[in-house]
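One structure is given here, and the rest of the page talks about it.
The values are calculated or read from the model by the stated rules, or taken from the named source; none is laboratory data. Not measured: the values here are computed from a predicted model. Counting neighbours? That spans all protein chains shown, and the Cβs are built from the backbone with ideal geometry, glycine included.
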Amino acid sequence: MTRIRLGDIAHARSGDKGDGSNVGVIAYTEAGFRLLRQELTAARVKHHFSAICLGAVDRFEVPNLKALNFILHDSLGGGGSESVKSDAQGKTHGQALLRMELDLPGDISLADLTP
């Protein structure tokens with residue numbers, strides 16, 4: 001099975017609100033969105049951010065945008081003004097998630113997942 005980076009098939013936007021961060025992952029194609037829906041679970045995102053996300057991770061589907069939106073609760077050490085972290089904002093969490101690796105099923109070509 002081929003391994004790909006999430007960033008090969010999607011782009012992301014992220015931000016913060018209080019002590020939580022918000023990460024939206026947007027697939028380039030419908031086939032990519034189907035793969036994201038199957039592989040990119042809240043549990044998997046929680047594991048990927050296990051060093052910084054101390055709370056739950058919620059996942060919301062936005063099919064008309066071919067997107068998944070994740071809320072990472074308790075991931076910013078209290079938020080921008082409360083945290084002792086050097087950068088307690090969620091702006092970089094989207095880029096961090098795009099580094100996650102996924103297994104590409106044998107019946108799907110990378111060309112099906114990219115524009």
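Things worth noting here:
- Of all residues in segment 93-115 being under 17 Å from the mean Cα position of the chain (by Cα) and part of a helix (DSSP H, G or I), the one that is surrounded by the most Cβ atoms within 10 Å (Cβ to Cβ): HIS93
- Subset of segment 1-57 (residues that are touching a residue at least 40 places away in the same chain (Cβ under 8 Å), more than 17 Å from HIS93 (Cβ to Cβ) and part of a helix (DSSP H, G or I)): ASP8, ALA31, GLY32, LEU35, GLU39
- Those residues of segment 29-47 which are within 14 Å of the chain's Cα centre (by Cα) and under 18 Å from LEU104 (Cα atoms), in sequence order: GLY32, PHE33, LEU35, LEU36, ARG37, GLN38, GLU39, LEU40, THR41, ARG44, VAL45
- Residue-level check: of (1) hydrophobic (A, V, I, L, M, F, W, C); (2) out of contact with any Pro (no Cβ under 8 Å at 6 or more places or on another chain); (3) modelled with pLDDT of 95 or more, PHE33 misses just (2).
- Enumeration of residues in segment 50-70 that are crowded, with 20+ Cβ neighbours inside 10 Å and either of a type in the set (D, E, K, R) or at pLDDT below 95 (or both): CYS53, LYS66
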